[in-house]
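Colleague: I am attaching a structure below and will ask some questions about it afterwards.
The values are calculated or read from the model by the stated rules, or taken from the named source; none is laboratory data. Keep in mind the model is a prediction, meaning the values are calculated, not measured. Ideal geometry is used to build each Cβ from the backbone, glycine not excepted, and the neighbour counts take in all protein chains shown. Side chains included, ligands, DNA and RNA excluded: accessible areas come from the protein's heavy atoms. Shrake-Rupley method; radii C 1.70, N 1.55, O 1.52, S 1.80 Å.
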Amino acid sequence: MLAVVVVFGAVAAWLGSRVLTVQNELTAAQAAVNDVRKGGDPKAALQVVADRSAAAVAASDGALWALAERAPVIGPNLKAARLASRSLNELSAGLAVPAMAALDAPGSEPTLQRLLPVVQRASAEISTLTAEIKQVRQSPDLVPQVRGGLDQLGDIMDAADPVLRLMPGMLGADGPRNYILAAQSNAEVLALGGSVASQSLVRFADGTAKIIKQADSSQYRNGVAVKSDIDKSALKLYNDYLITHINTSVGRPDFPTAAKTIRAFWNRDIDPDKVDGVISVDPLALARVMRATGPVKVDGHTINSDNAASFLLSRAYQLYEPKVADKIFKEVAVSVMDKLVAGKVDAAKLVPAVSEGVQAGSIMFWSADPVVQQEIAKTPLAGILPTDNKESTTIGVFYRDASLGSKIDYYLRSKVKTTSTCNADGTRSYTVSTTLWLDLTKAQNVKLPRYVTGGDPATKVYRTQLFVYGPPGTTVTDSPRRTEKSWNWRPTDSTDLGRPVPSFMTINDLGAKKVTLSVTFTGPAGEYGPVAVRTTPIVHPTEVEIGAGCVG
């Protein structure tokens with residue numbers, strides 16, 4: 001009997017020490033991740049995560065640990081710890097560290113040829129771990145500390161799994177893929193960014209990416225509508241410019257709508273060959289990515305991350321005619337892409353740069369493959385407004401230039417403030433206040449070229465259309481009909497994308513004089529997530545304030 005007690009005690013002590021080791025190593029790995037979030041060196045932090053998680057994997061390995069996982073109550077917690085260790089190690093040592101090494105590796109081999117094998121090797125293991133984590137998360141025996149950490153990691157794995165499975169095929173591992181790269185100009189603001197000034201067809205095949213054809217808006221039969229299944233609500237709200245002019249195809253805040261329209265224009269007027277998807281970028285995204293690629297030279301000008309937005313959206317229009325300025329933009333975009341494909345990039349800076357661009361709405365993607373698109377639709381990359389309020393109560397505030405051909409929106413500024421109220425009858429109200437102004441003096445205005453101002457700068461009137469998308473299921477309960485500097489553009493009962501959409505035309509005076517409009521939406525009692533606000537990406541990002549309000 002004594003021998004049994006001694007053996008049991010020894011096993012318990014061994015297991016306890018292993019559990020403590022796993023806990024300490026995972027805590028250290030989490031600290032390294034937090035250090036990156038605070039601006040620490042990503043490469044150094046990833047190596048720490050890889051080393052610490054490897055130690056945790058070693059501590060949670062072996063027959064005794066596997067046996068203990070079968071025990072009631074404690075077993076699921078031990079299994080969760082083991083899966084967390086393996087998953088963190090696979091994400092770091094199996095994927096991120098070798099991916100960065102592939103990106104940073106010298107040589108003439110194309111970046112994708114170095115990167116794709118890393119992704120393919122990690123994909124199968126991450127898929128297996130994702131499924132196992134999903135299963136153990138259902139256990140009622142997980143203690144709060146374990147459940148919290150596993151839920152966080154499980155969400156990351158859920159997001160990474162489909163991307164890693166689908167990425168090789170999307171990048172041409174299973175045959176060539178053709179994507180239209182659409183360049184938006186935020187100097188002529190539209191809901192998703194700005195005028196689609198130029199387009200390039202990029203072909204991914206055999207680990208390479210090449211631009212095989214280019215076009216600009218002058219090469220299309222503008223004024224003649226392309227075939228489209230776009231909702232009548234969108235045409236009623238924005239008019240048929242959405243489908244008759246490629247420049248304004250991004251006027252609705254729904255990227256699948258814009259992408260399919262851009263593809264239809266391309267196939268009708270430029271090239272009938274199959275297009276597998278559409279990628280959208282703007283100068284704000286290029287500026288971020290250039291932190292990783294470094295500067296490029298175009299027509300004697302050095303463009304870098306600090307001056308890309310100001311040069312491409314303002315200075316270029318002062319130095320060149322519009323067509324030449326758009327060509328400069330295209331050349332910069334192509335040069336940056338060439339650097340990415342050639343691997344001339346700081347990998348540690350690239351990931352956060354792209355992530356920022358996606359979160360800001362400056363980088364979007366649509367796939368013609370329904371399986372791929374279904375996965376993308378769950379992410380900010382898709383450019384899709386949520387269809388319900390469960391995870392978040394998302395309000396959209398979008399702008400459209402109405403100054404008849406101007407490129408004045410480089411100077412556009414905006415603020416959005418939201419408040420919420422729980423009403424006595426159980427309903428929920430959301431008030432959205434939007435302020436617009438031009439950060440431009442009269443003296444500065446008269447010095448701008450006429451094609452920037454869109455007419456005589458001494459007499460030009462600048463207008464911006466404002467579209468406020470309320471939460472799904474709500475209705476407009478308070479909205480101004482007319483103010484000194486604004487009036488209703490469409491009736492307040494307009495709807496689009498399953499949301500109420502009051503819209504207004506504003507007159508923007510010079511000298512930073514501001515126009516403010518407030519709209520209130522009210523919805524029935526129900527489940528409402530925390531308030532989130534999406535806005536048009538503009539040069540000077542919209543200042544968003546989510547005020548204290550209704551909780552629960």
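Colleague: Conditions first: (1) in a helix (DSSP H, G or I); (2) surrounded by fewer than 21 Cβ atoms within 10 Å (Cβ to Cβ); (3) of a type in the set (Lys, Arg). Residue 79 passes all but one, so which condition is the exception?
Modeller: Going through the list (1) in a helix (DSSP H, G or I); (2) surrounded by fewer than 21 Cβ atoms within 10 Å (Cβ to Cβ); (3) of a type in the set (Lys, Arg), residue 79 breaks only (2).
Colleague: Next up: What's the total number of residues in segment 446-469 that are of a type outside the set (Asp, Glu), over 18 Å from residue 316 (Cβ atoms) and exposed (fewer than 14 other Cβ atoms within 10 Å of the Cβ)?
Modeller: Residues flagged as of a type outside the set (Asp, Glu), over 18 Å from residue 316 (Cβ atoms) and exposed (fewer than 14 other Cβ atoms within 10 Å of the Cβ) within segment 446-469 amount to 4.
Colleague: Follow-up. Considering (1) farther than 25 Å from residue 403 by Cα; (2) within 30 Å of the chain's Cα centre (by Cα); (3) in a loop (DSSP other than H, G, I, E, B), say which one residue 525 fails and leave the rest.
Modeller: Just one mismatch for residue 525, condition (2).
Colleague: What number of residues within segment 470-496 are open to solvent by less than 50 Å² (accessible area, probe 1.4 Å) and closer than 30 Å to residue 529 by Cα?
Modeller: Of the residues in that region, 11 qualify.
Colleague: Would you point out the residue of segment 355-398, among those that are among the hydroxyl-bearing types (Ser, Thr, Tyr) and either farther than 30 Å from residue 291 by Cβ or outside any loop (DSSP other than H, G, I, E, B) (or both), that is modelled with the lowest pLDDT?
Modeller: 355
Colleague: Hey, another quick one. Check segment 229-247 and report whether any residue there is touching an Asp or Glu at 6+ places or on another chain (Cβ under 8 Å) and within 19 Å of residue 333 (Cβ to Cβ).
Modeller: Yes, segment 229-247 has at least one match.
Colleague: Is it the case that segment 155-174 has a residue that's over 26 Å from the mean Cα position of the chain (by Cα) and either among the hydroxyl-bearing types (Ser, Thr, Tyr) or on the phi > 0 side of the Ramachandran plot (or both)?
Modeller: no
Colleague: Further, regarding this structure: Any idea how many residues of segment 104-138 are of a type in the set (Ser, Thr, Tyr), open to solvent by 20 Å² or more (accessible area, probe 1.4 Å) and over 22 Å from residue 207 (Cα atoms)?
Modeller: Number satisfying all stated conditions: 2.
Colleague: Among the residues that make up segment 186-196, is at least one of them open to solvent by 20 Å² or more (accessible area, probe 1.4 Å), within 16 Å of residue 279 (Cα to Cα) and at pLDDT 85 or above?
Modeller: no
Colleague: Can you list residue pairs whose Cβ atoms sit under 6 Å apart, with the first residue in segment 221-235 being part of a loop (DSSP other than H, G, I, E, B) and the second being basic (Lys, Arg)? Count only pairs 6 or more apart in sequence or on different chains.
Modeller: Listed pairs, sorted by first residue: 226/268.
For (1) out of contact with any helix residue (DSSP H, G or I) (no Cβ under 6 Å at 6 or more places or on another chain); (2) open to solvent by 30 Å² or more (accessible area, probe 1.4 Å); (3) within 28 Å of residue 341 (Cα to Cα), each residue gets a yes or a no:
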| residue | (1), (2), (3) |
| --- | --- |
| 219 | yes, yes, yes |
| 222 | yes, yes, no |
| 233 | yes, yes, no |
| 240 | yes, yes, no |
| 244 | yes, no, no |
| 257 | yes, no, no |
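Colleague: If you take the residues in segment 289-306 that are open to solvent by less than 50 Å² (accessible area, probe 1.4 Å) and in contact with a Lys or Arg (Cβ under 8 Å, 6 or more places away or on another chain), which one is nearest to residue 352 (Cα to Cα)?
Modeller: 292
Colleague: Are there any pairs with C-beta distances below 6 angstrom linking a residue in segment 294-309 that is without any contact (Cβ under 8 Å) to a residue 40 or more places away in the chain and outside any strand (DSSP E or B) to a residue that is of a type in the set (D, E, K, R) and surrounded by 13 or more Cβ atoms within 10 Å (Cβ to Cβ), with the two at least 6 apart or on different chains, and if so which?
Modeller: Once the first residue is without any contact (Cβ under 8 Å) to a residue 40 or more places away in the chain and outside any strand (DSSP E or B) and sits in segment 294-309, its partners that are of a type in the set (D, E, K, R) and surrounded by 13 or more Cβ atoms within 10 Å (Cβ to Cβ) give 305/291.
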